[in-house]
Structures are given as structure tokens and as C-alpha cells.
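Here it is, the structure, as C-alpha cells.
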Amino acid sequence: MEHIAPFIQLFGIEFDLSIIIMLLVTCTVVFILAKLGARKATVKNPSKLQNFVEWIIEFVENIISSSMTKKQGKPFLMLGITLIMFIFVGNMLGLPFAIATEHTAPASFLGQEFISKELIHEGHVKAEAAGKEYHGESVLWWKSPTANVSVTMGLAAIVIFLSHYIGIFRNTRGYFKHYVEPNVAFLPIHIVEQIAKLLTLGLRLFGNIFAGEVMIAVILGLGIWGIPALVVWQGFSIFVGAIQAFIFTMLAMVYISQVIPHDEPHHH
């Protein structure tokens with residue numbers, strides 16, 4: 001059965017309830033991991049979770065050091081850690097299972113319908129035309145939030161906005177000069193480049209995670225014969241999810257490094 005998203009409208013804006021729920025779940029998981037990793041931190045006998053958190057910190061420090069000096073990158077360490085943990089956890093949430101509810105009657109939240117009478121009626125008509133029994137509309141609640149283009153483009157917009165903000169206020173002359181180098185004729189190209197950065201950063205992450213969830217749905221449709229393929233694909237999806245979190249964080253740091261002043265020599 002095809003799943004639909006539970007949209008409601010508040011203040012003239014459409015909200016996807018499932019994405020709001022999954023974003024809250026992702027934030028909660030990341031917060032708990034960070035809290036547990038920092039809890040009772042010790043040098044003598046660190047816990048496995050503390051070792052894991054320390055490894056993430058060191059990993060992100062290495063990502064940052066590949067594009068800027070330690071001094072330049074220090075203010076962006078927490079941003080990098082937050083990005084990589086949030087994206088990785090978000091990528092993983094849709095892998096273990098999916099939660100869907102079936103509705104044969106209108107349903108609402110906060111007085112706003114996400115399953116309307118019209119939708120139920122349309123479902124009945126389609127089922128009758130196909131000579132099938134109507135089982136209701138299936139609403140998918142549990143999925144990877146990064147499989148939603150609004151989420152990934154939102155993350156990309158934050159990174160791009162931050163890079164422009166840093167460029168304008170910390171490296172004003174160099175930032176604006178870049179747009180007319182080597183001469184003013186290159187201004188349109190540099191503007192297109194900024195738009196391309198936003199699109200590729202957000203759409204790359206969305207495309208990979210969304211495609212993974214579509215494949216899982218296809219494999220589940222094979223029934224018992226799809227179990228071995230599902231195990232293999234989920235293992236591959238963990239790898240893809242980790243790689244995409246790394247690529248997004250790395251590109252975020254590269255884009256920031258391009259707009260900060262480079263007064264000191266950078267040693268790899």
C-alpha cells in the first residue's frame with residue numbers, strides 16, 4: 001500500500017507531522033548520546049560511549065584541519081560535531097523499521113485534518129474501480145527525516161547562510177572582491193556557483209537517503225524472499241548514511257573555509 005504524509009495547515013503553512021516527530025526524535029537521540037558520552041567523563045577509565053564521543057570529536061577535528069588551520073577551525077568544531085551526529089542519526093532512523101497507521105475515517109490533529117473525507121471517498125472510488133477491497137489510507141509516521149527534501153535543503157541553507165554571514169562580517173573586503181575575480185564579467189558565474197552549492201549540498205543528501213528508503217520498500221514487497229536482500233541492503237545503507245554525513249560536514253567546513261580570512265599559512 002502506498003503511504004501518504006500527514007500534512008496539517010497552521011497559519012497558512014503546511015506542516016508534515018511525521019517530519020516534525022522525526023526531527024524531535026533525532027534531536028533527542030543526539031542529545032542523549034552527547035549527554036551520556038560526557039557524563040562522568042574520566043581520563044583514567046573512560047567508558048565505551050565516552051571513547052566513541054571522543055573519537056567523533058577527533059574525527060571532526062581532522063575534517064576541519066583538512067580545509068583550515070586549527071585556530072581558524074576551533075569556533076566551528078561544535079557545528080561540525082552537531083552536523084555529523086544529527087545527519088548520521090537521522091539517516092539511520094528509517095532503517096530498522098517503519099511505523100504506519102491505516103485510516104478508514106477522517107483523522108485530525110490540533111483541529112486540522114490530515115485525512116480528509118474527500119481522500120477517504122476518493123480511496124473508496126479507486127478501490128471499487130479496481131475491483132479491490134478498500135483498506136484505508138496508510139500514513140507513514142516513522143522514517144528518516146533526511147529522506148525529506150525540505151529537511152536536507154534546510155540544513156544546506158543553514159550552512160550556506162552561515163558561510164555568507166561569516167564572509168560579509170569577518171572578511172568583508174575579501175568576500176565581495178571574490179565575486180569580481182578575475183574580472184567583473186565573472187560575477188554571474190560566481191552567483192550561479194553559490195546557488196549550485198546550496199542545491200548540490202541539500203539534494204545530494206536527500207537523493208541518497210530517499211533512494212535507500214525506496215529500495216527498502218521495494219525489497220519488503222518481495223515478502224520472505226526479500227529478507228536476505230534486505231539484510232545486505234540495510235548494511236549498505238548504514239555505510240551510505242555514514243558517508244553522506246561525512247560528505248555534508250566536510251563540504252560545510254570547506255565552504256566556511258573559503259570565506260574566512262587566510263592570514264596564516266595552512267599546514268596539512
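The values are calculated or read from the model by the stated rules, or taken from the named source; none is laboratory data. Predicted model, so just to flag it, every value in this text is computed and none were measured. Cβ: placed from backbone, ideal geometry, glycine included. Neighbour counts: every protein chain shown. Just the protein is used for accessible areas: all its heavy atoms, side chains included, with ligands, DNA and RNA removed. Shrake-Rupley method; radii C 1.70, N 1.55, O 1.52, S 1.80 Å.
Give, in nm to one decimal, the length gained when the segment between Glu54 and Asn183 is fully stretched (0.36 nm per residue of separation minus the Cα-Cα distance). Write down the numbers at each step before the final one.
Values: separation 129, 0.36 × 129 = 46.44 nm, distance 4.57 nm.
Extending this stretch completely gives an extra 41.9 nm.
Just need log10 I(q)/I(0) for segment 163-216 at q = 0.21 Å⁻¹, Debye formula, equal scatterers on the alpha-carbon atoms, no solvent, rounded to two decimals.
-0.81
Can you give me the orientation-averaged projected area of the convex hull built on the Cα atoms of segment 7-154, in nm²?
Answer in nm², one decimal: 13.4.
Give a residue-ordered list of calculated ³J(HN,Hα) values for segment 93-108 (Karplus: 6.51 cos²θ - 1.76 cosθ + 1.60, θ = phi - 60°; whole Hz; x for Gly, Pro).
Couplings: 4, x, 7, x, 6, 10, 10, 10, 10, 9, 10, 9, 9, x, 9, 9 Hz.
So if I take the centroid of the Cα atoms in segment 17-65 and the same for segment 175-239, what is the distance between those two points in Å?
Here the answer is 24 Å between Cα centres.
Could you work out what % of the accessible surface of the chain is carbon and sulfur, using a 1.4 angstrom probe and leaving DNA, RNA and ligands out of the count?
So the carbon and sulfur contribution to the accessible surface is 69 percent.
Report, largest value first, the span of the C-alpha coordinates of segment 163-268 along each principal axis, in whole Å.
Computed over the Cα atoms, the extents are 63, 32, 21 Å.
So, one more: Would you mind getting the accessible area per residue of the chain, heavy atoms of the protein chains only, 1.4 Å probe, in Å²?
With the other protein chains kept in place, the chain gives 61 Å² per residue.
Residue by residue through segment 17-25, which ³J(HN,Hα) values in whole Hz follow from phi under the Karplus form 6.51 cos²θ - 1.76 cosθ + 1.60 (θ = phi - 60°), with glycine and proline marked x?
These are the phi-based 3J(HN,Hα) values: 4, 5, 5, 4, 4, 5, 5, 5, 4 Hz.
Picking from Val231, Val43, Val180, which is most flexible by a Gaussian network model of the chain using Cα springs under 10 Å?
Answer for the Gaussian network model of the chain: Val43.
Under the √(5λ) rule applied to the eigenvalues of the Cα gyration tensor, what semi-axes describe the equivalent ellipsoid of the chain? Give them in Å, descending.
Output for the chain: semi-axes of 40, 25, 17 Å.
Can you tell me which of 201-211, 115-125, 237-247, 86-96 comes out highest on packing, and rank the rest after it, using the mean Cβ neighbours within 10 Å? Kindly include the intermediate steps, with their values, before the conclusion.
Values: 201-211: 19.7, 115-125: 14.1, 237-247: 17.5, 86-96: 21.8.
Ranked from most to least packed, the peptides come out as 86-96, 201-211, 237-247, 115-125.
Separate question: Taking 35 Å as R0, compute the FRET efficiency from the Cβ-Cβ separation of Glu14 and Thr104 and round it to 0.05. Walk me through the numbers before you get to the answer.
Values: r = 24 Å, r/R0 = 0.68.
Approximately 0.90, to the nearest 0.05.
Now a separate question. Can you compute 3J(HN,Hα) from phi for each residue in segment 7-16, using the Karplus curve 6.51 cos²θ - 1.76 cosθ + 1.60 with θ = phi - 60°, rounded to whole Hz and x for Gly and Pro?
These are the phi-based 3J(HN,Hα) values: 8, 10, 10, 10, 6, x, 10, 7, 10, 8 Hz.
For Ala38 and His121 in the same chain, what is the full-extension length gain: residue separation times 0.36 nm, less their Cα-Cα distance, in nm? Before the final figure, lay out each step's value.
Details: separation 83, 0.36 × 83 = 29.88 nm, distance 5.32 nm.
That works out to 24.6 nm of additional length.
Net charge within 10 Å of Glu137 by Cβ-Cβ distance, Lys/Arg positive one each and Asp/Glu negative one each, not counting Glu137 itself?
Neighbourhood net charge equals -3.
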